[in-house]
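Take a look at the structure set out below.
The values are calculated or read from the model by the stated rules, or taken from the named source; none is laboratory data. All of these numbers come straight from a predicted model, not from anything done at the bench. Positions of Cβ are generated from backbone atoms using ideal geometry, with glycine treated the same way; all protein chains shown enter the neighbour counts. Please note that ligands, DNA and RNA were not included when accessible areas were found on the heavy atoms of the full protein model with its side chains. Shrake-Rupley method; radii C 1.70, N 1.55, O 1.52, S 1.80 Å.
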Amino acid sequence: MQIHGFNKTTLLDYPEHLAATIFLGHCNFRCPFCHNASLVLAPEKQPTIPAVDVINTLKERQGILEGVCITGGEPTLTHDLPDFIAQIKDLGLKVKLDTNGSNPLMLSYLLDQHLLDYVAMDIKNSKEQYNKTIGLSSSCMDQVIESISLLKQSNLPYEFRTTIVSEFHRMDDILSIGEWLHGSPAYYLQKFIDSGNLLQNGLHAASRETMLAYKEALKPHFKVVELRGMD
Ligand code: SF4
């Protein structure tokens with residue numbers, strides 16, 4: 001288990017929970033707007049934190065923390081993820097997984113083993129624009145669609161979310177996403193922020209007006225539609 005980052009306390013990463021966040025490396029997507037480029041492109045060059053140290057710190061914070069968010073990179077590419085999550089669950093902590101939805105096999109296993117309490121899955125764009133938005137020429141739509149289906153069939157709370165980037169998202173895409181995922185419980189539109197560690201430079205956040213217009217367009221399709229990262 002290669003852990004590349006550990007935030008001991010956050011109120012931002014796990015809805016309505018005081019949580020810690022664990023960052024894993026590697027990703028099979030190449031989203032140009034990815035704000036963790038070094039974790040995606042060269043995880044082997046990033047410092048690591050021993051898993052035992054992370055588990056020990058979580059133990060010390062039992063009674064304070066409610067949950068742990070596991071993010072990346074793409075966490076489902078780490079083969080010993082189930083064993084690691086089991087150790088966290090043994091501490092009585094809830095686990096939220098952030099995923100790009102490209103590994104339904106691992107997602108299915110984690111769901112079957114009751115190792116997850118909440119899943120946040122990225123929807124990168126409309127189906128028509130997916131490959132361009134994830135920076136790949138080959139399609140991953142079958143896997144993404146299967147992951148969506150797994151979440152819809154599960155009894156777990158989950159959300160879909162999209163980081164809106166002016167160069168990639170148009171109102172047509174948002175309307176298409178709404179129709180595609182109609183009836184899902186929660187959709188979050190996230191403001192793009194240039195971390196200075198992107199895969200591609202020269203990208204821009206959408207204006208507040210545009211974000212609000214996208215939110216309105218999605219409202220008929222989901223119980224909850226919210227903006228994240230807005231001032
Ligand atoms: S934004 Fe997420 S899915 Fe895209 S390259 Fe970065 S870590 Fe991977």
Practice prompt. Might you let me know whether the range 154-172 holds any residue that is within 24 Å of Val95 (Cα to Cα) and modelled with pLDDT under 95?
Written response: yes
Worksheet item: If a residue has to be part of a loop (DSSP other than H, G, I, E, B) and hydrophobic (A, V, I, L, M, F, W, C) to count, how many in the range 22-61 make the cut?
Response: 6
Fill in: Filter result for Thr162 (crowded, with 21+ Cβ neighbours inside 10 Å, within 16 Å of the ligand (Cβ to nearest atom), under 13 Å from the mean Cα position of the chain (by Cα) and among the β-branched types (Val, Ile, Thr))
yes
Fill in: Matching residues, the range 98-113, being in a strand (DSSP E or B) and over 20 Å from Asp142 (Cβ atoms)
Asp98
Item to complete: Filter the range 1-21 for residues that are more than 14 Å from the ligand (Cβ to nearest atom), in a strand (DSSP E or B) and not hydroxyl-bearing (Ser, Thr, Tyr) and give the result.
Response: Ile3, Phe6, Asn7, Lys8, Ala19, Ala20
Discussion item. Return the residues of the range 214-225 that are in a helix (DSSP H, G or I) and either open to solvent by 40 Å² or more (accessible area, probe 1.4 Å) or not aliphatic (A, V, I, L, M) (or both); say none if nothing qualifies.
Written reply: Tyr214, Lys215, Glu216, Lys219, Pro220, His221
Worksheet item: Within the range 177-194, restricting attention to residues that are in contact with a helix residue (DSSP H, G or I) (Cβ under 8 Å, 6 or more places away or on another chain) and either more than 20 Å from Met121 (Cα to Cα) or of a type in the set (D, E, K, R) (or both), which residue is surrounded by the fewest Cβ atoms within 10 Å (Cβ to Cβ)?
Response: Glu179
Discussion item. Can you find a residue that is in a helix (DSSP H, G or I), modelled with pLDDT of 95 or more, closer than 30 Å to Arg208 by Cα and within 15 Å of the chain's Cα centre (by Cα) anywhere in the range 139-149?
Written reply: yes
Practice prompt. Scan the range 116-159 residue by residue and report those that are of a type in the set (Phe, Trp, Tyr) and more than 15 Å from the ligand (Cβ to nearest atom).
Written response: Tyr118, Tyr158
Worksheet item: Can you tell me which residue in the range 62-88 is farthest from the ligand (Cβ to nearest atom), limited to those that are hydrophobic (A, V, I, L, M, F, W, C) and in a strand (DSSP E or B)?
Response: Leu65
Worksheet item: What is the one condition in (1) touching a strand residue (DSSP E or B) at 6+ places or on another chain (Cβ under 6 Å); (2) open to solvent by less than 30 Å² (accessible area, probe 1.4 Å) that Arg228 does not satisfy?
Response: (2)
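Which residues, counting only those in the range 29-61, are of a type in the set (Lys, Arg) and either away from the ligand (no atom under 16 Å from the Cβ) or exposed (fewer than 12 other Cβ atoms within 10 Å of the Cβ) (or both)?
Passing the criteria: Lys45, Lys59, Arg61.
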